1. What pairs come up if the first residue lies in segment 41-66 and is closer than 22 Å to THR87 by Cβ, the second is surrounded by fewer than 11 Cβ atoms within 10 Å (Cβ to Cβ), and their beta carbons are under 8 Å apart, counting only those six or more places apart or on different chains?
2. Give the residues of segment 72-86 that are surrounded by fewer than 10 Cβ atoms within 10 Å (Cβ to Cβ) and over 16 Å from ALA62 (Cβ atoms), sorted by residue number.
3. Hey, could you check segment 13-31 for residues that are part of a strand (DSSP E or B) and among the aliphatic types (A, V, I, L, M) and say which is surrounded by the fewest Cβ atoms within 10 Å (Cβ to Cβ)?
4. Identify all residues within segment 11-23 that are hydroxyl-bearing (Ser, Thr, Tyr) and within 15 Å of THR47 (Cβ to Cβ); write none if there are none.
5. Got a sec? Which of ALA76, ALA49 is out of contact with any strand residue (DSSP E or B) (no Cβ under 8 Å at 6 or more places or on another chain), among the aliphatic types (A, V, I, L, M) and modelled with pLDDT under 95?
Amino acid sequence: MKFYKQDAITELYSDVVRIEHNKETDVFTAFDVDGNEVSLNMSNVNTKATELETADNDEATAKANLKASAKAKLIAGTALTEDEANTIVL
């Protein structure tokens, strides 16, 4: 399972070195190298987390589509693109 909010925090706040997540309250607290709390704009974090999740989902969909295309071409006996061939190379 990917932790998109943590990834978003580290991408948005370069000074963050540690993140704590209270699962009961779903509150994130971030700290810099000196242990000082870094103020987080959770609206920005949530937006970035959604962007990261969407990008991962799009990448997974594209990979699945490429594999399906490669399989169909193999069954039909037609030539594969290099990207399609790369999906099936072991």
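1. Note: pairs meeting the criteria are ASP56/LYS2.
2. Going through segment 72-86, the residues surrounded by fewer than 10 Cβ atoms within 10 Å (Cβ to Cβ) turn out to be 75-79, 82.
Passing the criteria: ILE75, ALA76, GLY77, THR78, ALA79.
3. Filtering segment 13-31 down to residues part of a strand (DSSP E or B) leaves 18-22, 27-31.
Narrowing further to those that are among the aliphatic types (A, V, I, L, M): 19, 27, 30.
Values: ILE19: 18, VAL27: 11, ALA30: 22.
Ranking the qualifying residues of segment 13-31, first place goes to VAL27.
4. Let us first name the residues in segment 11-23 that are hydroxyl-bearing (Ser, Thr, Tyr), namely 13-14.
Hit for segment 11-23 is TYR13, nothing else.
5. On the way: ALA49 fails: modelled with pLDDT under 95.
When all the criteria are applied, what remains is ALA76.
Table: residues versus (1) of a type in the set (A, V, I, L, M, F, W, C); (2) within 13 Å of ILE9 (Cβ to Cβ); (3) assigned to a helix (DSSP H, G or I).
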position: VAL33; (1), (2), (3): yes, no, no
position: ASN46; (1), (2), (3): no, yes, yes
position: ALA60; (1), (2), (3): yes, no, yes
position: LYS71; (1), (2), (3): no, no, yes
position: LEU80; (1), (2), (3): yes, no, no
position: ALA85; (1), (2), (3): yes, no, yes
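The values are calculated or read from the model by the stated rules, or taken from the named source; none is laboratory data. The model shown is predicted, which means the values in this text are computed figures rather than measured ones. Using ideal geometry, Cβ is built from the backbone for each residue, glycine included, and neighbour counts are taken over all protein chains shown.
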